[in-house]
Amino acid sequence: MTSTATTTLNYLLAPLDGSRPYTDINADTAKGKPVNNWLKDPHEMRIEDVRGKEELYKLDSAGFQYGREAPKHTSFLNDDEIEREYYPESIDLIKRVTGATKVVIFDHTVRRRRPGELGNSPQKRQPVPQAHVDQTPAASVARVHRHLPPTEAPAFLRRRFQIINLWRPISHAAVDWPLALCDFRSVDFEKDLTPVALIYPDREGETFGVKYNPNHQWKYLKGMTPEEFVLIKCSDSVQDGSVARLAAHTAFQDPNTPEGAPPRESIELRTLVFYD
């Protein structure tokens, strides 16, 4: 018996005046400056629990891939320790799962749900209840230039490269506010995705917001434990239709969550992945 959760997912409605959607990372809400200029578009969707069927979802077909491997680093309390201990083992894991020859981690985010608090600082990141993709194709190329030496970037851009997030629960199973992923095979790349400018104090990035499409097939791995992980493709330089290009994702409130379940804690690494 397949279990599903029916819940409200937040999609994106672009600004009605036709202006470019943006999200300002450090908008000064005290001065009345909006953090973004787009609207949330909530829709009730079914999310299928794929436990026992994880093999049906691969990076090249669905845009995401589950796996099981306990991390050696388990505290996730100190950024320096995470970089020193968790980064190297994660690079090794991603290489083994994907067959990549070079993996560069360019940042990470630890999220701990804190009911009633704002998640508006790097120390207080919370689960994101909004369907999105972390990078657009243009932003992905910019990431390679940003994180590789100028002498190396052009050669690496001639090879197949991807941006892949490594996501896992920490401390305890992610029963509260789990992560849903949208199977790329159910996404209309041209119609469903809207570029959103991500405005930092010193630069601009770009993400995809996701527009509602009733055909979207949302999946999750119910009760994911810290010994389990999911690789989430955010971008792929192969764009000829032969492989999944990305996987939209969002945190969601699972109506099946038992009373008193501990608030979700998770870590995601964002990585550049290159192939020979």
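The values are calculated or read from the model by the stated rules, or taken from the named source; none is laboratory data. Quick caveat: nothing in here was measured; it's all calculated off a predicted structure. Cβ placement follows ideal geometry from the backbone for every residue including glycine, while neighbour counts extend to all protein chains displayed. Protein only, heavy atoms only, side chains kept; ligands, DNA and RNA dropped before computing areas. Shrake-Rupley method; radii C 1.70, N 1.55, O 1.52, S 1.80 Å.
Which ones in the range 68-108 are part of a strand (DSSP E or B) and surrounded by 15 or more Cβ atoms within 10 Å (Cβ to Cβ)? If the condition is that a residue be part of a strand (DSSP E or B) and surrounded by 15 or more Cβ atoms within 10 Å (Cβ to Cβ), then K102, V103, V104, I105, H108 are the ones that fit. When the range 144-162 is filtered for residues that are in contact with a strand residue (DSSP E or B) (Cβ under 8 Å, 6 or more places away or on another chain), of a type outside the set (A, V, I, L, M, F, W, C) and closer than 20 Å to K95 by Cβ, the ones remaining, listed by number, are H147, R159, R160, Q162. Taking first residues from the range 214-237 that are over 18 Å from E268 (Cα atoms) and partners that are surrounded by fewer than 22 Cβ atoms within 10 Å (Cβ to Cβ) and among the polar types (S, T, N, Q), the Cβ contacts under 6 Å between residues at least 6 apart in sequence or on separate chains come to N215/S186; H216/S186; Q217/S186. In the range 166-184, the residues that are free of Cβ contacts under 8 Å to residues at least 24 places away in the same chain form no Cβ pair under 9 Å with any partner that is assigned to a strand (DSSP E or B), whether six or more places apart or across chains. Just one of the listed residues (D240, D202, D236, D188) is open to solvent by less than 10 Å² (accessible area, probe 1.4 Å) and over 13 Å from the mean Cα position of the chain (by Cα), and it is D236.
P258 meets all of the listed conditions (1) buried (at least 21 other Cβ atoms within 10 Å of the Cβ); (2) at pLDDT below 95 but one, namely (1). Do we find a residue being open to solvent by 70 Å² or more (accessible area, probe 1.4 Å) and polar (S, T, N, Q) anywhere in the range 21-44? Within the range 21-44, one or more residues are open to solvent by 70 Å² or more (accessible area, probe 1.4 Å) and polar (S, T, N, Q).
For the range 246-272, filtered to residues that are under 14 Å from the mean Cα position of the chain (by Cα) and of a type in the set (G, A, S), the residue that is nearest to H73 (Cα to Cα) is S266.
Number of residues in the range 132-166 that are aromatic (F, W, Y) and buried (at least 22 other Cβ atoms within 10 Å of the Cβ): the value is 1. A single member of A27, A62 is in contact with a helix residue (DSSP H, G or I) (Cβ under 9 Å, 6 or more places away or on another chain), under 24 Å from V133 (Cα atoms) and not in a helix (DSSP H, G or I), and it is A62. In the range 263-276, the residue that is farthest from R114 (Cα to Cα) out of those that are of a type outside the set (D, E, K, R) and either at pLDDT 95 or above or crowded, with 21+ Cβ neighbours inside 10 Å (or both) is Y275.
Restricting the range 54-67 to residues that are out of contact with any strand residue (DSSP E or B) (no Cβ under 8 Å at 6 or more places or on another chain) and in contact (Cβ under 8 Å) with a residue 40 or more places away in the chain leaves a set whose member that is most open to solvent (accessible area, probe 1.4 Å) is D60.
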